[in-house]
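Participant: Mind having a look at this structure? Questions to follow.
Laboratory data are not the source of any read-out in this text; all were calculated from the coordinates shown. Please read all numbers here as calculations on a predicted model, not as lab measurements. Glycine gets a Cβ as well: all are built from the backbone with ideal geometry, and neighbour counts include every protein chain shown.
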Amino acid sequence: MLALTDGRSALDRNHLIHAMNPASRRSLLDMARDAAANAYCKYSGFAVGAAVRSVGGRVFVGCNVENASYGLTSCAERNAIFAMIAAGEREIAEIVVYTPTDQPTAPCGACRQVIWEFGRDAVVVMACDGAPEREQSIRELLPDAFGADNLSPGEPEPARPR
Ligand SMILES: [Zn+2]
């Protein structure tokens with residue numbers, strides 16, 4: 001294994017860099033755009049991609065998946081967030097949403113609610129092919145939100161089986 005001048009191996013160095021500098025905004029945007037290329041959107045033709053960075057520094061992507069039974073369609077944002085949950089992470093630091101439009105597009109109401117569930121301090125970045133990215137907090141996008149506090153104040157989430 002290649003030793004670096006400071007004595008750490010290249011593998012250690014890469015791990016350290018990854019830990020200190022999680023996916024940059026630009027790479028998140030690229031991942032969201034790549035995910036949009038896989039969107040299953042034969043009915044709307046509106047291909048959306050999302051990339052979520054968890055507080056733990058991991059990145060999860062999603063695209064919209066439509067269905068002939070339209071109501072079953074699931075948005076890119078929620079699909080990315082659910083992948084994060086399946087991987088054992090629970091908190092969103094940042095979510096980048098890419099739409100193939102001239103202006104940035106904000107997440108739908110359902111996705112705002114799900115972002116709120118898993119990231120009260122989440123930053124939402126809206127990217128497109130035209131105007132520069134727009135950035136807003138989920139608090140701005142979903143003011144006066146309904147959440148867990150409205151149901152059982154102060155009750156912690158049940159422990160997950162390991
Ligand atoms: Zn949505």
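Participant: Quick one, what does Rg over Rh come out to for region 22-145 if you take C-alpha atoms and the Kirkwood Rh?
Facilitator: Taking Rh as the inverse mean 1/r over Cα pairs, Rg/Rh reads 0.94.
Participant: Would you work out the charge dipole size for region 22-145 about its Cα centre, treating the Cβ of every Lys and Arg as +1 and the Cβ of every Asp and Glu as -1, and quote it to the nearest 20 debye?
Facilitator: Magnitude of the dipole: close to 180 debye.
Participant: On to the next question. If you take every DSSP beta bridge fully contained in region 22-145, what fraction is antiparallel? Give it as a percent rounded to 5.
Facilitator: Bridges in region 22-145 are about 75 percent antiparallel.
Participant: What ranking do 79-87, 27-35 get when scored by the average of other Cβ atoms within 10 Å per residue, highest first?
Facilitator: 27-35, 79-87
Participant: Label points 7 Å out from Cα along the Cβ direction at Glu135 and Arg90: separation in nm?
Facilitator: 2.7 nm
Participant: Here is a further query. Got the relative contact order for region 22-145 handy, in percent, Cα pairs under 8 Å and 6 or more residues apart?
Facilitator: 20 percent
Participant: What order do you get for Tyr40, Tyr98 when you list them from fewest to most C-beta neighbours inside 10 Å?
Facilitator: Going from least to most buried by this count: Tyr40, Tyr98.
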